[in-house]
Amino acid sequence: MAPQANLVKAGMEGFALLDDYYGRPRRTDKQVHQKKHVEIINSKTAAEIYGGVLVTDYSNGKANRFGKACVLTILIILCFALAYCEAYAKGVVRGVPDTFRGSNLARHDVPAPGEKIFNVLQFGAKPDGRKDNTQAFIQAWRAACDFKGPSRLLIPGGSFLISQVVFGGPCGGTTPKVVQILGTLKGSTDISEYPEAYWIVFESIVGLVVTGSGKGILDGQGDSVWKYNDCSHSSDCQPLPANLRLNKVTNGVIRGLTSLNSKGVHLFITNCEIIRARNLHITAPADSPNTDGIHVSHSNDVRIAKSTIRTGDDCVSIIQGATNIRINKVTCGPGHGISVGSLGKYENEEDVKGITVKNCTLVGTDNGVRIKSYPGSKESSASSMLFQDIIMNNVKNPIIIDQGYCPNSKCSNKPPSRVRLSDIHYINIRGTSSTPNAVELFCSSQYPCQNVELHDIDLKSQQRGPTAASCTNAKVRFGGKMNPPPCK
């Protein structure tokens, strides 16, 4: 799709051409129209039908005026301008090229020739761990974001206290914008300073690199507020702030950072397209509540790789609207494993599709690879999921599908889950299980799981005795070595 600025310019010229051709509208006492059949479609549908192609003739940088045929052209231009703005506002711009494909992401640790550096110290920040540096950070970001050439926001060594901060776009000039964190950022312990459920957010940015160069630390100081988390008792609880949130970011990289003791989720990726999360170290105590490592929703083409995650909840959780998510070489534990779900919790959930988890190691986790959905849910689906080449070390429930997931014990007498699960493949998963049932597939009685494959599974008991597999409402095929034996 054409750049936003070009579409807006085209839209403005379209309105001007309409005024030129028809004249500006005048007040009239009465208008009489012949009845005609008119099919009205919204801008999003128009974009889907015409495939993102602008049909017009621009010569010498100006649109040609070619009579009545121009009217349709102008309307098409306006449709695409509106379609882009609508999609951009919702954070669902899809089909853009991956500008980081095949590139060495570590190169962003060193400023490029001609890159202008905006050091937060130059904007009044103090690395003493006591002064609130929020405004200095915002001012430095604004300068780096608005700069027309290549730019970098630099947070040097030291300890910087900040409260809730939004690094918002869109940014001007050369992309990507680089944010380099070499010091330690400490989150305020005053929970009243977080009106929303995040601490640091990057929003509405095309082209972003956030790098810690192996040194940067985001310390949420969550141990000061975990006592306020009541989500284990209430389904309507308010989540505590995430350490880092990406919202409406396209072509983004997060790498070389340590996220420590987040109040809530460590890294929350939502409404994003083409995100690369690599070389992350995420740490919180095993008993810290709802401190998911990486949480992904409403996003496409997210890759998580070469990271270590130790938390009190899911190491990675993938929920509604997530498509084409790839997790590779992640070490998880302690925590609740790698989860698709929970699904079916909310009205009108978007489908999940294209999940790949490979070359991961799980150690001492409460679950291994898990798919979970609520009973009594609205219809949605999750499909095309691959879990391959995974090592389990003393893991409870190494392979589990739970379509009766009910964390608050308030799901009695609810109908079966209406989340349709299909095309799920477990290949070459081996190690030890701390529970007798190493494979537990509990699917919906209304919509049984379709096309589930288990191939080359070798899960031995951590205790004495054999392991077992249980399959309920699941159409499963088995192949290769199977330990535990296939479900009967």
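The values are calculated or read from the model by the stated rules, or taken from the named source; none is laboratory data. If you're wondering where the values come from, they're calculated on a predicted model, not measured in any experiment. Glycine also receives a Cβ, built like all others from the backbone with ideal geometry; neighbour counts cover every protein chain displayed.
Side notes on the structure shown:
- Taken together, 170, 150, 111, 156 contain a single residue that is touching a helix residue (DSSP H, G or I) at 6+ places or on another chain (Cβ under 9 Å) and within 16 Å of residue 211 (Cα to Cα), which is 156.
- Of all the listed residues (136, 112, 125), the sole one being assigned to a helix (DSSP H, G or I) and among the aliphatic types (A, V, I, L, M) is 136.
- Residues within the stretch 201-242 that are under 30 Å from residue 273 (Cβ atoms) and either outside the structural domain of residue 288 (by TED's automatic domain parsing) or in contact with a Pro (Cβ under 9 Å, 6 or more places away or on another chain) (or both), tallied: 10
This table checks each residue for (1) on the phi < 0 side of the Ramachandran plot; (2) surrounded by fewer than 17 Cβ atoms within 10 Å (Cβ to Cβ); (3) touching a strand residue (DSSP E or B) at 6+ places or on another chain (Cβ under 9 Å); (4) not aromatic (Phe, Trp, Tyr).
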| position | (1), (2), (3), (4) |
| --- | --- |
| 143 | yes, yes, yes, yes |
| 153 | yes, no, yes, yes |
| 160 | yes, no, yes, no |
| 170 | yes, yes, yes, yes |
| 174 | yes, yes, yes, yes |
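- Taken over the stretch 268-281, the criterion of being crowded, with 22+ Cβ neighbours inside 10 Å and closer than 13 Å to residue 327 by Cβ is satisfied by 269, 275, 277, 280.
- Any hit, the stretch 226-246, residues being surrounded by fewer than 24 Cβ atoms within 10 Å (Cβ to Cβ), in contact (Cβ under 8 Å) with a residue 60 or more places away in the chain, at negative phi and of a type in the set (Asp, Glu): no
- Odd one out for residue 413, checked against (1) at positive phi; (2) within 25 Å of the chain's Cα centre (by Cα); (3) not hydroxyl-bearing (Ser, Thr, Tyr): (2)
- Unmet requirement for residue 192, which otherwise passes all of (1) assigned to a strand (DSSP E or B); (2) without any contact (Cβ under 8 Å) to a residue 12 or more places away in the chain: (1)
- Identity of the residue in the stretch 402-432, among the polar types (S, T, N, Q) and surrounded by 19 or more Cβ atoms within 10 Å (Cβ to Cβ), that ends up farthest from residue 376 (Cα to Cα): 403
- Total residues in the stretch 416-436, condition over 26 Å from the mean Cα position of the chain (by Cα) and under 26 Å from residue 290 (Cβ atoms): 3
- Scanning the stretch 166-182 for residues that are farther than 27 Å from residue 239 by Cα and either of a type outside the set (Val, Ile, Thr) or not assigned by TED's automatic domain parsing to the domain that holds residue 307 (or both) turns up 170, 171, 172, 173, 176, 177, 180, 182.
- Pairs with Cβ under 6 Å, 6+ apart, first in the stretch 398-427 and more than 20 Å from residue 357 (Cα to Cα) and modelled with pLDDT of 95 or more, second part of a loop (DSSP other than H, G, I, E, B) and of a type in the set (D, E, K, R): 418/379
- Any chance residue 287 is in a loop (DSSP other than H, G, I, E, B) and within 24 Å of residue 439 (Cβ to Cβ): no
- Positions within the stretch 253-269 being within 19 Å of residue 101 (Cβ to Cβ) and free of Cβ contacts under 8 Å to residues at least 60 places away in the same chain, in sequence order: 254, 269
- Scanning the stretch 108-155 for residues that are free of Cβ contacts under 8 Å to residues at least 60 places away in the same chain, charged (D, E, K, R) and under 24 Å from residue 170 (Cβ atoms) turns up 116, 142, 146, 148, 152.
- For the stretch 346-366, residues that are surrounded by 24 or more Cβ atoms within 10 Å (Cβ to Cβ) and within 15 Å of residue 311 (Cα to Cα) total 2.
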